[in-house]
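Asker: This is the structure, below, for whatever I ask next.
Where a number appears in this text, it was derived from the coordinates with a stated rule and is not lab data. Everything quoted here is computed from the prediction, not taken from an experiment. Here Cβ is always computed from backbone atoms with ideal geometry, including for glycine, and neighbour counts include all displayed protein chains.
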Amino acid sequence: MSAEARDPPEDADEGDLARAPSLRLDKWLWFARFFKTRARAAELLVAGKLRLNRVLVRKAHQPVRPGDVLTFPQGDEIRVVRVAALAARRGPASEARRLYEDLAPPEARAAGPEPSRVAEREPGSGRPTKKERRALDRLDEESGT
């Protein structure tokens with residue numbers, strides 16, 4: 001296959017774009033290592049949680065081409081990526097990073113407040129502490145109940 005056949009020219013019309021190389025969207029998401037399994041990628045698509053060039057996609061077999069922009073949730077963040085290349089296989093992470101360009105600035109993703117790991121509560125609210133529970137037990141014993 002020649003380089004001309006793989007990369008459509010900038011002034012290509014709709015007919016030329018239909019013949020441009022493409023890959024199933026669920027397969028590309030799996031190749032690019034956004035999801036551990038192809039089935040997880042397909043679940044996201046069927047649930048209608050991915051946008052391809054600002055259009056909601058609900059089909060796993062939707063073709064994706066280099067230059068397309070994908071927007072989808074992953075964990076606690078929204079990913080916005082541009083498809084840079086198509087792959088023939090699911091390779092190592094270093095290979096997968098070359099398949100896309102991350103359009104969300106890294107500082108914007110890291111700028112959010114860090115969630116606290118330990119639940120915080122106001123003193124006196126919620127469950128009693130061990131000391132408070134013992135004081136309640138003593139009070140119950142003294143009152144005779």
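Asker: Taking the Cβ of VAL69 as the centre, find all other residues whose Cβ is under 13 Å away and add up their charges (Lys, Arg: +1; Asp, Glu: -1).
Answerer: On the way: positive: ARG51, ARG54, ARG65, ARG79, ARG82; negative: ASP68, GLU101, ASP102.
Local charge sum for VAL69: +2.
Asker: Provide ASP76, ASP68, ASP26 in ascending order of the number of other Cβ atoms located within 10 Å of each residue's Cβ, fewest first. Mind showing how you got there, number by number?
Answerer: Working: ASP76 8, ASP68 18, ASP26 25.
Starting with the residue having the fewest Cβ neighbours, the order is ASP76, ASP68, ASP26.
Asker: Another question, if that's okay. Arrange the following residues from fewest to most other Cβ atoms within 10 Å of their Cβ: GLU141, GLU77. If you can, show how the numbers build up before the last one.
Answerer: Numbers: GLU141 9, GLU77 12.
By the 10 Å Cβ count, ascending: GLU141, GLU77.
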